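The block underneath contains the structure these notes are about, expressed in structure tokens.
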Amino acid sequence: MRVLVTAGPTREYLDDVRYISNASSGRMGVALAEALRDAGHAPVLVIGPVSVPMPHGVVVEPVETTAEMLEACRRHFPDCDGVIAAAAVCDYRPRNRVTGKMSKTGEPITVEMIETDDVLAELGHGKQHRWVVGFALEAANERENALQKLRAKNCDVVVLNGPAAIGAEETSVELIGPDGRRLAAWQGTKRSVAHKLVEWIERHLAARQPQNDTHR
């Protein structure tokens, strides 16, 4: 299979120097790309700005902003059999980006924020025959919020994790199905969890549909 993987944070710029982002390390997405490669598949890794080493033997497309990630996904997804969306995409961006660098004035400033494009929702609602695995990082009402995300973004399953996973070497996740049931639960290094998730996808998602003919 050819699989699109999104990973890492995105950045949304206030001016040409400052931006808002999050602490996502990209480790989970890189581990997933490596697990897919190790299983004989062809991952395409679209990844935001991170410091972790990029995996060998994997198509990697670095991006910075949410708009760039969406554009890259639009190009790659039609040629893929599915997507694992592990990226921590910024939900908001400044309405106006200042040219140059904002200077201090001694006064408070107000920045109007608007929602960014929803990468996972666009992939989910345009998936057709493809499968979609989303990630949901939740701190309260975890399963309920994860299930809402699964349904709103038309995912096949969603991987639920918590804030402790951000930047960490290890993680603990639950795999939630469309009816809200827990389908699996894994904990350990992100590498070990990635391999278990790929194995689950092979058995339960990839096996039920024909692969893209160009990547068999």
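May I ask for the angle, rounded to the nearest 10°, between helix 190-204 and the longest principal axis of the chain, with both axes built from Cα atoms and the value confined to 0 to 90°?
It works out to around 50 degrees.
Of all alpha-carbon pairs in the stretch 67-154, indicate the percentage at a distance above 19 angstrom.
Numbers: 1999 of 3828 pairs.
Summing the P(r) of the stretch 67-154 above 19 Å gives 52 percent of all pairs.
Which of the trypsin sites (Lys or Arg not before Pro) found in the stretch 63-125 are in a DSSP loop and have at most 14 neighbouring Cβ atoms, other than their own, within 10 Å?
In loop regions of the stretch 63-125 (DSSP not H, G, I, E or B), the sparsely surrounded trypsin sites (Lys or Arg not before Pro) are R95, R97, K101, K104.
Percent relative contact order of the stretch 1-56, based on C-alpha pairs within less than 8 angstrom and at least six residues apart?
47 percent
Can you compute the label reach from E112? Point 7 Å from Cα along the Cβ direction, backbone N cut-off under 18 Å, restricted to the stretch 3-39.
Output list for this probe position: 13-15.
List the lysines whose Cα sits under 22 Å from the Cα of K153, skipping any in the same chain fewer than 8 residues away.
K127
Going through the stretch 67-150, which GluC sites (Glu not before Pro) have at most 13 other Cβ atoms within 10 Å and a DSSP loop state?
Loop-located and lightly packed - E112.
Every number here is computed from the coordinates shown, using simple stated rules; none is lab data. Given the structure is predicted, the values throughout are model-derived calculations rather than measurements. Don't worry about glycine lacking a Cβ; one is built from the backbone with ideal geometry, like all the others, and counts go over all protein chains shown.
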